[in-house]
Structures are given as C-alpha cells and as structure tokens.
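The values are calculated or read from the model by the stated rules, or taken from the named source; none is laboratory data. Bear in mind that the values here come from a model prediction, so they are computed numbers and not experimental data. Here the Cβ positions follow ideal geometry from the backbone for every residue, glycine too, while neighbour counts run over all protein chains shown.
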Protein chains: 2
Amino acid sequence: MLIVMATFLGVLSAHAQSPAKMVDLIIFGGTLVTMDANRNIISNGAIAIKKGEIAAIGKSSEILRKYKSRNKINAVGKVVIPGLVNTHTHIPMVLFRGIADDMELQEWLTKYIFPAEARNVDEDFVRVGTRLGLAELIKSGTTTYCDMYYFEDAIAEETAKAGVRAVLGQTLIDFPAPDNKTFADALKYTENFIKKWKNHPLIVPAVAPHAPYTVSRDHLLQARELADKYDVPLIIHLAEAESETEFVKKNHNGLTPVRYVDAIGFFNNKTIAAHVIQVNEEEIEILKKNGVGVAHNPQSNLKLAAGIAPIPTMLKHELRLGLGTDGAASNNDLNLWEEMDTAAKIHKVSTKDPKAVSAEQVFAMATIGGAKALHLESLIGSLEVGKKADIVILDFDSVHQTPMYNIYSHLVYATKASDVNTVIIEGKVVMKQRRLLTLDENAIKKEANLYKQKIVKSLNQKP
Amino acid sequence: MLIVMATFLGVLSAHAQSPAKMVDLIIFGGTLVTMDANRNIISNGAIAIKKGEIAAIGKSSEILRKYKSRNKINAVGKVVIPGLVNTHTHIPMVLFRGIADDMELQEWLTKYIFPAEARNVDEDFVRVGTRLGLAELIKSGTTTYCDMYYFEDAIAEETAKAGVRAVLGQTLIDFPAPDNKTFADALKYTENFIKKWKNHPLIVPAVAPHAPYTVSRDHLLQARELADKYDVPLIIHLAEAESETEFVKKNHNGLTPVRYVDAIGFFNNKTIAAHVIQVNEEEIEILKKNGVGVAHNPQSNLKLAAGIAPIPTMLKHELRLGLGTDGAASNNDLNLWEEMDTAAKIHKVSTKDPKAVSAEQVFAMATIGGAKALHLESLIGSLEVGKKADIVILDFDSVHQTPMYNIYSHLVYATKASDVNTVIIEGKVVMKQRRLLTLDENAIKKEANLYKQKIVKSLNQKP
C-alpha cells in the first residue's frame, strides 16, 4: 500500500512539473559560450533544438528535466560555441590553393590567377571547388560563409546539398567573366539567381559588384537597384589596396573609394564591404552611418601586402565587423581559427598597444560580429532561444590547450581547427567526431586532385 | 640444367652488386624535402638510418636495394622533412598558457607572470611543465628546441628521458631567481649543469644571461667566460622592446643594446640572440661579423607589441636565422607551423612587398636556418648523410592541403601541426601516427591541470 502511494505521489509531482517536451536534439554537459549580449557562459549547460532552432538553453539539469529527445549529444568536457561566420571568401578558389605565392599582385593576377580562371572556371570547376571548400569550412567549424564568385547558382546548389548556411553573392564586373560575357547578362543571371533562392532556409542570394575600380558608376547603381528590388545584400570589395584609392581618386574627383561610393548613393541597408583597409576615422563614421557590414581578412591583407585595417577604430565606432579568410589562393586556407589568432595579434603591434584588440573582441568578430556584418544577427551568431541551431562542439583537452585559464583567450590563441569535434547547422549534424556526414571527403579530394592536373596543364599551354 | 644455371648467374649478379647492408630503420616511399644546399627534393625517396644517423638517402628503389632493416616505415603519399627547430622558448611556462593576455608588458609581468613564478616555480613545476611542453613540441613536429629558464638541470633530465634534442640555457639574472638567489650561486649551478651534460648525445648545455637590462656588464662578461671555458652556447634576449633600447642607451653611453654588448666583448662564437627587433642594418652587420644566431619569434613580438624584426635585411646579410615560439605565456603555444605562416606574411605587409620573404626562405628558417642559429648545422637541420636522423613524416592529403601545387608553399601556408604523423629523433621513433611513445599524454595533462588549480589559488593569495 505504501509503495503504491509513493508511486502515485511521484506521478503527481511529475505532473506538477509538467511533462518533458519532445525536441529533435539535445546537447548536454558542455561549457556553453553563448556570445549573447551579456556574454553568458554556462558551465554544464545544455541546448534543446527543435525544427532547426534553439528551443531552450540553460543548465543541463534544467534542460534535461524539461526536454527529452531520441537524439542526445554528450558534450561533457567540451566547449560549445555558435558556429563560426566567415564573412568573405571565393569558395571555388580552393582549387587554386598555393598555385602562386610571394609575388606582386599584378604579376600574381595576370600571370596566374586570371589565366587559370579564364582557362578552367566553368560550372563543373565551381561545383568541385565548392565541395572541397565546404568540407574545409565544416571541418574548421564554420557554419555560415559569405561568398563572391561566378556561377553562384551552382555554388548555392552544392552548399544547400551539404547543409551549410551562406550568403552567396553573384559577381558583377565590367569585363567578360567565366559565366557571363556582358554586364547585362550578368545582371539578368543574378536576378534569376535571386528569384530561385530567395526563400531557401539556408541560402541568402546577394548581388556582388566586384569593386569600385572594376565596375562603373552606372553599373554600381544598377547593382544596388537590383539588391533593393529583392531586399538582398549588396557585397563589394572596398578600399583594399593603395592602388585602388589612387585609381578611384584619379577617376572620381579626388574622392577616396568609401567617399565615392557613398557620394553616388551606392550603400543600401544590407551592404557588406570586404577588406576596408585604406580608411580614416571619418570614413569609418560614414560606414557606421550607413550600417555597412565589414569583412576583415587579416591574413590575406598581410600576404598580399595590402595593409592593416584600422580595426581598433572600427571597434570603437561599433561597426558591424566580422572576420573572413578571403579566397584560398591568397591565404592559403579557409581556417577562421588562424584569422582569429592573427587578428588578435596584428593590431597590437600596428598600434604598439597590447590591449588594442582583446581575445573576447576577436571571438565576437568570428561569431556575432560576423552575423552582424552579414545582416543576419537575428538568425545566427549566438546561442540564444529562437536563433538557428548553428552550433560547434570543440574538444578542449588537447595538449596545446592544456591548462586553461580563460576561455576566450583559449578560443583565440590556443584552439585550432583540428579541435573542432562536431558541427550542427540548422539543427542538423553535418560533422560528427570529425567525420563529415553530408559530404564524401575522399571523393572530394580525388576530384580536386584531378582538377589540379588539368589546371597545371592549362597554365603550361600557350595562351 | 638451365634453371640451375640461371640461379647460379643470379647469385653471381647479386654478389656483383654487393649484399644489402643492415640498418636500424628505413623510411621509404615519401617525398623528401631535404633542405640541403641544393634544396634537393626527392620523390619516392628513402632514408636509411643507422646508429641515430642518416646512413643513406636517395630514391626508394636504390635505398631498398642497398639496405635492409627489420624496421621500415612506409611513407608513400607522405612528405618527409628535417625535424623542426624551435630556437627560443621557456618550456615550463606552458603551465602559464593564457594566464593573462591583452595587457601592457609591465602589468603582465608584475601582476601575473612574476607573482605566478615566485609562488609556483620549483623543480617539480619545471618537470611537469617541461613534460607538457615536450608533448606539444613532438606533436607539432619539433625535434630540437632551445630553452632559457630556471632549474635547467631538471629540464635536461626530462628532455633526455623523452628523447628530444635541445640546447638548454640556464638563466643568469641580477635578481633572486626561483632556483638561485644570487648571481654567484647561479654561475656555480650553471657550471655544474654544463659539466653534467657536456657529452650527452641529445643535450647541449648553455649559459643564458637574461638580457642587457637585467644583467650587469661584469656579469655578462662572467657568463661569456663560463661559456668559453666549456665551449658551449651563450644565449641572451637582445633588442626586444623599445624600452630596452632606451634603458641601455641611458645607462651605457648612448649605445644601443647590440652596440653595447659588442663593445664590451660579450659575443662569443656561439652566441644565440632572441628577438633582435630594434636593430638597423649596421647592427645586423655587427651580428653577422660575430656569427650570432638570431631567434625570430614573430607571434610573441606581435602579441606583446614589441615590434617587427627586420627579417628581409637579415636574410640579405645571410645571418644565422631561425624561428622560435617564445614561451607559451606570450604566444600561446609552441607551434612552429603558425610561426612559419606568420613569418611569411607579416614581413610582406611591413615592407609593402609581397616578395619580401618567400615560403622557401621561411621553411629554411624553421629547419636548416634554425640549426645554424643554434650553431648545430653540422648535426641537424637537413636530410643529409652523416647528419642526425631527426625526421618528421607529414600527412599531406588533408582537405586543407588539397590540391598541392608547390611544396614549400604548402608547408608554410597550408600545413598544420595536426598534419604531423610520425616523429623520429636521433633515429628513434618518439611519435608514431600521432601517438607519443616516450611520454604519457594523459598523465601529463592530468598533472598539468592539477598545477593550474595550484597556480590560480596562489594568484588569489595576498602577497
């Protein structure tokens, strides 16, 4: 009788707490670096995921009481972070990784990159390169990337198939490109591309006029018009090399690149500008006023000797500021961990101030800052209820991570891509314990190596 | 009859070729990046190892015909390089990895590093830290390191036990140190340390006066005298921060650090100087004339905002120039791959010349250049007959290494520590397929984590 009574009371008490809700996936036991506005860090934390979104986040004890799931990931001893956001790349260019290094930009472009592109870039090339780049992105913990290349529709198809989130900018340029021979054709292609992908859960189509020195004033404005028509992002390379500033000044009444595009009314409310090195504080204020997202690519900027962007000033003005790798031809990888390490160090020496940019600021740039730069902060960039479940689980017990005093310091200065254990995008596990689940790694490497032979052969041919 | 005849001729012909010689280990099938004077790269190459030395090197077909061994490593598809040389670190400081970052040098030193050292550094600390550091060095492909710390005798014991090669400098400083309270005591300790280790196959003992601003003129000269007496290296921090230059100028008749130590006759024929940032071309010529080895630590120099060393000028003058990580408290790892990547990029932007320092030059700095900086180029730094068998086998087929066009570019810009597969020092395999054979990785991490708790507690105590 006593036993029955206890069971009865037990049921009652469970009812009083309301029954556990079923969700699609629960991650529990890890240290959660949320990157929310309060920078909450939850030890022994858990995340409940439903329909691709974060349904709840809190202490494991609480989440495991309130939610149940057939799929659980034990993250005890691990660190759980928002998926990294790569705000600037040209993903298929991984096939040109290391094709030419350590040379003048003009020599690099005219002797290697342009001929290699002209002779090799077609839709198949773009698909093979995208698959290789996606594998590298996932394996290094990147869940969202922003691209600018040709045949962006093929890139979108491959990206969606792999379950990766992306802002994909179709390139518009005033020269015949591998996909479209005229600006008018490219504009038409871009409009169709936008219509096709506008409502996809993972893909944000975008318009990407190449740069102020490669696209005319009228064409820049046509690009903006198209972006506005469909309310999609507008992506551009801006204020990268000193030679760009000279060119723009010479051709546009002495205006610098930022002042010139501002003067013609180019900036819309979803602009994303890559590099932004050759700017002063007043120009940074112009970017701030226009809500422009900035993609900082420190390693590419060093390697091409473009310069060091004034990041401390941009942080002071609270710009929408993220990190990018640029294309692998000028980096030579898609690894945001190395960009973080470089970003945290380079601005200290350039300003002679070891406090210039902190590890926490840099980690924010790689997550919520990147989300803001892409105008996607309502969806991604932090671990918060209602945001997309784009989540990375990190091993945190490697030799090079031992011992640990400060979690942001360790994320930026000690953690490597090889510490990325599991990757979840829109609630779906795309890498589990370093094994890719949506891509065939061996097939990808094989097809990339075949392409390399073709590319080398093409460069040895007489033009 | 015919068959017998053929067999007889076969035996004859084998004799004519002389029988295969027995060696201890053969590595075959890999691409050998020798770093010899001609920069030979041998595809499908092999190395025969006997008594800790390279007995032969060449095409696999040739080596496998002339040598036999019970131990063979199949390196097909892999890249084989000379073990990396880390020319500057303070190995036990891995226990302070990330203890304090992003602050002024003086605050960092006086609020964190000095108190943490004063309250924690004893022989046991040094042993635990050294074991952790050795595990990290081996896992990232470093086979020789140059150290400067306290209780260097304990560091030597741990290093020899793990089978790692090192130049170990016992620190001399004009303040009470954790191991010796007076300069005289430290000098005596150092002499005993040198006598004990002078003839060890892996350990080169050395004298390490800390810096021109922490050691008096007389004591610098006493340090040199001791180094000369035993013909061992003399290690010093030199021309690191601008504040050092100001201090030395003020106290030594307006002389810069390099000119001052040169003027007092400090340099011997085996000097190793770390950092060497605040120097002009004339001072570089002084270093060249004295055969001084230079340890370039780009990541530490950026993080502490010390400056960017004039590496292109040093390369022009063909200095003995290597790469170092510095201690993990200011880096925060012992990873030479990231130092290579940074070294190859940072000098491009600082000189505005993308050709400033090539990938091949940087890879040389991490191998044969480092050997020269440590005055050990007759023993290590390249894959050549008669040199010590310090060899690293790299996986070269990861996603982030695909595809491959130029091997030096790939080593410097794309390869990571996680691609290090197997490590051999003095002919002995110390890591096989990423498993450490001379160190217990789990025990090391456990004892390091216990130390961390002790260190945190000590910092929270009132002084």
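Residues of the range B:64-95 being under 20 Å from B:His237 (Cα atoms) and not polar (S, T, N, Q), which ones?
Residues of the range B:64-95 under 20 Å from B:His237 (Cα atoms): B:85-94.
Scanning the range B:64-95 gives B:Val85, B:His88, B:His90, B:Ile91, B:Pro92, B:Met93, B:Val94.
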Next item on the list: Go through (1) in contact (Cβ under 8 Å) with a residue 60 or more places away in the chain; (2) within 23 Å of A:Ala417 (Cβ to Cβ); (3) small (Gly, Ala, Ser) and name the single condition B:Ala306 misses.
Entry: (2)
Checklist line | Yes/no for A:Gly163 being small (Gly, Ala, Ser) and in contact with a Cys (Cβ under 8 Å, 6 or more places away or on another chain) | finding: no
Next item on the list: Give A:Lys428, A:Lys457, A:Lys462 a once-over and let me know the one that is modelled with pLDDT of 95 or more and among the basic types (Lys, Arg).
Entry: A:Lys428
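Give the residues of the range A:405-435 that are in a loop (DSSP other than H, G, I, E, B) and facing chain B (nearest Cβ under 7 Å), sorted by residue number. Quick ask: steps written out before the conclusion?
Just the residues of the range A:405-435 that are in a loop (DSSP other than H, G, I, E, B), to begin with: A:405-406, A:415-416, A:426-427, A:433-434.
Residues satisfying the conditions are A:Tyr405, A:Asn406, A:Lys416.
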Item checked: Complete set of residues in the range A:436-449 that are without any contact (Cβ under 8 Å) to a residue 40 or more places away in the chain and within 9 Å of another protein chain (Cβ to nearest Cβ) -> A:Asn449
Checklist line | Breaking point among (1) under 24 Å from A:Ile99 (Cβ atoms); (2) surrounded by 24 or more Cβ atoms within 10 Å (Cβ to Cβ); (3) more than 8 Å from chain A (Cβ to nearest Cβ), for B:Ile346 | finding: (3)
Notebook entry, point to check: Between a first residue in the range A:204-226 that is closer than 15 Å to A:Phe175 by Cβ and a second residue that is of a type in the set (D, E, K, R) and in a helix (DSSP H, G or I), which pairs have beta carbons less than 9 Å apart while being 6 or more apart in sequence or on different chains?
Noted result: A:Ala208/A:Glu152; A:Pro209/A:Arg224; A:Ala211/A:Glu244; A:Pro212/A:Glu244; A:Tyr213/A:Glu244
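Need a quick list: helices (runs of 4 or more DSSP H) entirely within the range A:109-180 having at least 3 residues that are closer than 19 Å to A:Arg97 by Cα and touching a Lys or Arg at 6+ places or on another chain (Cβ under 9 Å).
Helices (runs of 4 or more DSSP H) meeting the threshold: A:123-139.
Just checking, which of A:Ser69, A:Ser61 is in contact (Cβ under 8 Å) with a residue 40 or more places away in the chain and either farther than 22 Å from A:Phe396 by Cβ or exposed (fewer than 15 other Cβ atoms within 10 Å of the Cβ) (or both)? Quick ask: steps written out before the conclusion?
On the way: A:Ser61 fails: in contact (Cβ under 8 Å) with a residue 40 or more places away in the chain.
Going through A:Ser69, A:Ser61 in turn, just one is in contact (Cβ under 8 Å) with a residue 40 or more places away in the chain and either farther than 22 Å from A:Phe396 by Cβ or exposed (fewer than 15 other Cβ atoms within 10 Å of the Cβ) (or both): A:Ser69.
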Notebook entry, point to check: Within the range A:314-341, can you find the residues that are at the interface with chain B (Cβ under 8 Å from one of its Cβ atoms) and either free of Cβ contacts under 8 Å to residues at least 40 places away in the same chain or closer than 24 Å to A:Gly169 by Cβ (or both)?
Noted result: A:Asn331, A:Asn332, A:Asp333, A:Leu334, A:Asn335, A:Glu338
Margin query: Against the condition at pLDDT 95 or above and either among the β-branched types (Val, Ile, Thr) or crowded, with 21+ Cβ neighbours inside 10 Å (or both), how does B:Val392 come out, does it pass?
Written below: yes
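Restricting attention to the range B:159-211, report how many residues are surrounded by fewer than 18 Cβ atoms within 10 Å (Cβ to Cβ), over 25 Å from B:Gly427 (Cα atoms) and not hydrophobic (A, V, I, L, M, F, W, C). Write out each step before concluding.
The initial filter retains those residues of the range B:159-211 that are surrounded by fewer than 18 Cβ atoms within 10 Å (Cβ to Cβ), namely B:160-161, B:173-176, B:181-182, B:184-185, B:188, B:191-192, B:195-196, B:198-201.
Retained after the next criterion (residues that are over 25 Å from B:Gly427 (Cα atoms)): B:173-176, B:181-182, B:184-185, B:188, B:191-192, B:195.
This time we only want the ones that are not hydrophobic (A, V, I, L, M, F, W, C), so: B:174, B:176, B:181-182, B:185, B:188, B:191-192, B:195.
Final tally of qualifying residues: 9.
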Check: Is it the case that A:Leu64 is modelled with pLDDT of 95 or more, in contact with a Gly (Cβ under 7 Å, 6 or more places away or on another chain) and not charged (D, E, K, R)?
Finding: no
Check: Looking at (1) facing chain A (nearest Cβ under 7 Å); (2) small (Gly, Ala, Ser); (3) in contact with a strand residue (DSSP E or B) (Cβ under 7 Å, 6 or more places away or on another chain), which is the only condition B:Ser358 fails?
Finding: (3)
Margin query: Restricting to the range A:387-400, and then to whatever is more than 8 Å from chain B (Cβ to nearest Cβ) and outside any strand (DSSP E or B), can you tell me which residue is farthest from A:Ala417 (Cα to Cα)?
Written below: A:Lys387
Item checked: In the range B:102-122, the residues that are within 14 Å of another protein chain (Cβ to nearest Cβ) and within 24 Å of the chain's Cα centre (by Cα) -> B:Ile113
Item checked: Selected residue [over 26 Å from A:Ala305 (Cα atoms) and buried (at least 22 other Cβ atoms within 10 Å of the Cβ)] from A:Val261, A:Val232 -> A:Val232
